[in-house]
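No value in this document is a laboratory result; all are computed from the given coordinates. Every value quoted in this text rests on a predicted model; they were computed, and no experiment measured them. Cβ: placed from backbone, ideal geometry, glycine included. Neighbour counts: every protein chain shown.
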Amino acid sequence: MSSVSVVGLGAMGTALADALLAAGHTTTVWNRTPAKADPLVERGARRAGSVAEAAGAAEVVVFCVLGYADVHTLVDAAQDALRGRVVVNLTNGSPDEARELADKVRALGAEYLDGGIMAVPAMIGRPEALVLYSGSTPAFEGHREVLKVFGRAVCLGDDAGRAPLYDLALLTGMYGMFAGFLQSAALVRSAGADVEEFTTALLVPWLHAMTGALPEMAAQAAKGAYPAAGSNLAMQVAHDALGDLGRAQGVSTELLAPLFELMRRRVADGHGDEGLAGVVELLHRP
Ligand code: FVH
């Protein structure tokens, strides 16, 4: 069993501390608003009187607060108490913010792991939770058993910025899926049809089937070559079928219109015989 401190006891920090307690780790907690620590202390956590005391109490110090500016304030307050510790920052931010914080923490004599939590608080400690880490690989290997308490723990290497990058890229994929769902739901509802039945019986299996195309599209994006596998881009934009349907049903087309605009641009650029994945060339030029 390891000793772990959790700094920041919002919805996520509380779930993290609870998972540590459930796994039997010695868990010290600190929160800016002290009363939020009370339920955890009742469940067996130790209360720290300051962030420095929390840092000094454990081998692994987990930060989970609102933003990086808050983490900087807390690291400044802990200072020397962090020497020799492993700082695991599970606060959301950008890759550059992660790298900057990593440098600061290393300068204090601590190891740094950045983490991206791909879960909501209720999922923490369950197999479906995924937490991405990057930064000190030795720190990840040395504390893998503790980190596994939160969910599946995946280390992405030494660049502290890699975990937040992948975190945001995964969220991007998720929001794209939700955008498609929202448009589908609006169309089906506009026809007076059963959105729930449509979603459960048809949309979810359809999306599952379509995810099978992603590995090949990813391979094409990696190579920069986009042979069409039966459904070329010119065919997909030959008619403005989705726009026409939206207008006929009184459903706004503004959500997916930018995607179709890019597809048409790609065709206009002479790539109509290629596949959809070629749109990535309009989003990013290597
Ligand atoms: N909740 C979620 O679904 C997502 C899942 C993915 C990861 N995120 C990120 O986790 C970070 C914390 O999120 P949270 O859900 O715990 O957020 P809150 O419940 O709002 O709690 C915020 C805590 O941060 C403390 N805090 C804020 N500012 C400061 C500061 N300047 N100094 C010290 N602590 C600060 C706040 O303290 P208090 O208001 O209770 O005193 C809470 O403990 C976040 O990065 C998500 O993006 C969650």
**Prompt:** Can you list the trypsin sites (Lys or Arg not before Pro) in segment 1-63 that are in a DSSP coil and have 15 or fewer other beta carbons within 10 angstrom?
**Reply:** Arg32, Arg43
**Fill in**
The simple spin-label model distance between Ala69 and Leu283, using points 7 Å out along Cα→Cβ, in nm, is 3.0
**Request:** State, to one decimal in nm, how far the label point of Asp159 lies from the label point of Ser190, with both points 7 Å from Cα in the Cβ direction.
**Result:** 4.2
**Message:** Could you give each residue of segment 142-154 its phi-based ³J(HN,Hα) in whole Hz, using Karplus coefficients 6.51, -1.76, 1.60 with θ = phi - 60°, and x for Gly or Pro?
**Reply:** x, 10, 3, 5, 5, 5, 5, 4, 7, x, 4, 10, 10
**Message:** Of all beta bridges DSSP finds with both residues in the chain, what is the antiparallel percent, to the nearest 5?
**Reply:** 25
**Asked** How would you classify segment 144-286 from its alpha-carbon gyration tensor, with a ≥ b ≥ c the square roots of the eigenvalues: rounded for a/c under 1.5, else prolate if a/b is greater than b/c, otherwise oblate?
**Response** oblate
**Request:** Sticking with the crude label model, points 7 Å out along Cα→Cβ, report the distance from Ala229 to Asp103 in nm, one decimal please.
**Result:** 4.3
**Prompt:** Non-local amide H neighbours of Glu274 (under 5 Å, H modeled in plane, Pro and chain starts lacking H): which ones?
**Reply:** Leu233, Ala234
**Fill in**
Given a Förster distance of 25 Å, the FRET efficiency implied by the Cβ-Cβ spacing of Ala219 and Ser94, rounded to the nearest 0.05, works out to 0.35
**Request:** Identify the GluC sites (Glu not before Pro) of segment 122-199 meeting these criteria: DSSP loop state and at most 14 other C-beta atoms within 10 Å of the C-beta.
**Result:** Glu128
